[in-house]
């Protein structure tokens, strides 16, 4: 335990990193399948089936990253867990109802009598919207330090919309990768619309965070940090330009580069995430509670860490297997 | 109503709704593996038919379990922050191990199990089915470890109101864990047994004479007939364990107020906490002493021992524990009667399903959900029986509740209840819809490739 120095110092940091990793993986993975749900009303009947087929084998495992993230928050930083979740009581409830609706709709839409299918499709869409909007709202409230004022509410309403757009964007790029023909063409159009939302959303959060918190301002705009951090916005800008160029040329005749928008969007999400993680460190509840104050007892953290180091690579391994098994274009989903 | 009681109702509603579905998936996963292996062994199409139908029930139940489980993982924080702040050092790692060793395993391999049949070799599909079943069972293991620890905490010390782990082995194998785990796994097996038989009996009654429906009806009733005596035995052991560690719970279950020998087994009564006695009591003399102490003058603890000097009641509310215990036992007895008579009629003259009298088949249909009734009643017995404690002797339920305005809890509670009621209706409706469809011989859209076929498709890619 003392191998790396004082465990009370490095264990909270290790768990903050694990928490960050889980949230990042969740936002990317469930982001694309929530996004597909957000795009549902724009598709026709057969396209809806194809869209579900592209995410059907994955959504459940994707959502498990949320359970892991909330689990790590709960086990590693119990007091932060309580503070954050009680402050976000209502949006959490909205998100849970959304997750319930969309999760069961996957099954009910194909198993219930066919005249109910349309209703379950709506439930899937509404559930996806509730989940995305509430997550965006919680992100905004978190950035604003969980304080409720007219300004923070307005800011959170904006982040709610932008995160939903960002999810629909990564969902559309996923569909470019996983579909063909008319639906793929549609997905390219959706992406072209969504990319402006992503630019505006990332821009708004990046600009707003330093100006609401002097601490974050200092972290970004002091020397030499400013120059060390400069690659983050520069790379994001370059990626957006590349994405725009790629979307104008897609789909290509031999379907080359269909993977590019999805891959580039993942990198974009990762960059945005690092920017935010840097801004908040070392706080787990912004400006109130640091990861060191909130951490559980080292002996409990240690026993989880040992398990995590064994199990996490296995989880990633068999998750990769699932993505490999279901690689290629989505076909009609059946139990065959 | 205040935040405490509303939060308890809310968590109770969520966990009651949730447990319905894992209770099915834990055992159904193994039953599906059984169907698949039987097919591999015999090549008989009836096992494919059985797998084809029940894998759909599994997928639907699994989705219901996942979404209601996510809800609970958040409610620890939104409604019960005191729980994690006080015993998080112990509950946390147990929950973390559940997520890491069970949830991901189930979720990932479920995708391959449901949709990968033509995409992976047959052995990998069978392995995926096994891993899903194994994952659901692991999940049950970890959550029952935590739940048992809340009843019989061990392997920890308290420092400044916070529990710190001292012995993980003692925490995991805490005194009530083996009993509770066995009792719950058997409950899951019985729930699935009667669901299998009940839906199959329904199909039979509306004219389905396929070999698949014969196979599942027979499988269900046989599993039921084998497991129910084991469950009665396991329940008895579990009760004796509770008597040792939580006597106030057993006193409430028995409706026994005064500690003493020759305590009767109360068959029916209305426990009255005002007069601290039973109204309308009907009992068998010395019965409780005999069951709990194996001697007619055995001393059985009474509820009056658990009232503090100042009148503070330290035992659970009596009536809910008393009645839910009786509902569980009565359901178990009905299960025993039904499954043993079914097995008797099927074995008589080796007539199989044809030998079952019609009234028995009709009785099986509502009994399809008897496992749910018994499981819920059993959980109410043990969980309400733990009150006023959240963690026995360590943390009271009242001390753990969140400081959230009551109207907020009430309004979300109403939304949850409405959704759960609608989903439960939809779930049961779809089960019978699928059964009717299968009985008419309409395709359910699933197919198991004959062995070898799967490899061919992989090779052709």
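The values are calculated or read from the model by the stated rules, or taken from the named source; none is laboratory data. Please read all numbers here as calculations on a predicted model, not as lab measurements. With ideal geometry, Cβ positions are generated from the backbone for all residues, glycine too; neighbour counts draw on all protein chains shown.
The table for this structure:
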item: Test result for residue A:49, touching a helix residue (DSSP H, G or I) at 6+ places or on another chain (Cβ under 6 Å) and crowded, with 18+ Cβ neighbours inside 10 Å; result: no
item: Residues being free of Cβ contacts under 8 Å to residues at least 60 places away in the same chain and assigned to a helix (DSSP H, G or I) - total across the stretch A:111-133; result: 13
item: Qualifying residue in the stretch B:106-121 (condition: surrounded by fewer than 24 Cβ atoms within 10 Å (Cβ to Cβ), more than 7 Å from chain A (Cβ to nearest Cβ) and over 26 Å from the mean Cα position of the chain (by Cα)); result: yes
item: Test: residue in the stretch A:90-97 that is in contact (Cβ under 8 Å) with a residue 60 or more places away in the chain and either within 11 Å of chain B (Cβ to nearest Cβ) or part of a helix (DSSP H, G or I) (or both); result: no
item: Wholly within the stretch A:137-231, helices (runs of 4 or more DSSP H) carrying at least 3 residues that are surrounded by 15 or more Cβ atoms within 10 Å (Cβ to Cβ); result: A:150-178, A:181-212, A:214-220
item: Residue in the stretch B:251-272 that is free of Cβ contacts under 8 Å to residues at least 12 places away in the same chain and buried (at least 16 other Cβ atoms within 10 Å of the Cβ) present; result: no
item: Breaking point among (1) in a helix (DSSP H, G or I); (2) within 8 Å of chain A (Cβ to nearest Cβ); (3) farther than 24 Å from residue B:424 by Cα, for residue B:66; result: (3)
item: Residues (part of a helix (DSSP H, G or I) and within 10 Å of another protein chain (Cβ to nearest Cβ)) located in the stretch B:401-414; result: B:408, B:409, B:411, B:412, B:413
item: Flag if residue B:85 is at pLDDT 85 or above, surrounded by fewer than 24 Cβ atoms within 10 Å (Cβ to Cβ) and either part of a helix (DSSP H, G or I) or within 10 Å of another protein chain (Cβ to nearest Cβ) (or both); result: no
item: Those residues of the stretch B:169-191 which are part of a loop (DSSP other than H, G, I, E, B) and in contact (Cβ under 8 Å) with a residue 60 or more places away in the chain, in sequence order; result: B:175, B:176
item: The stretch A:104-129 - residue that is within 11 Å of another protein chain (Cβ to nearest Cβ), under 23 Å from residue A:26 (Cα atoms) and at pLDDT 90 or above and, of those, surrounded by the fewest Cβ atoms within 10 Å (Cβ to Cβ); result: A:123
item: Any chance residue A:234 is out of contact with any helix residue (DSSP H, G or I) (no Cβ under 8 Å at 6 or more places or on another chain) and away from chain B (no Cβ under 14 Å); result: yes
item: Matching entry among A:300, A:279, A:319 (being touching a residue at least 60 places away in the same chain (Cβ under 8 Å), within 22 Å of the chain's Cα centre (by Cα), surrounded by 14 or more Cβ atoms within 10 Å (Cβ to Cβ) and at the interface with chain B (Cβ under 10 Å from one of its Cβ atoms)); result: A:319
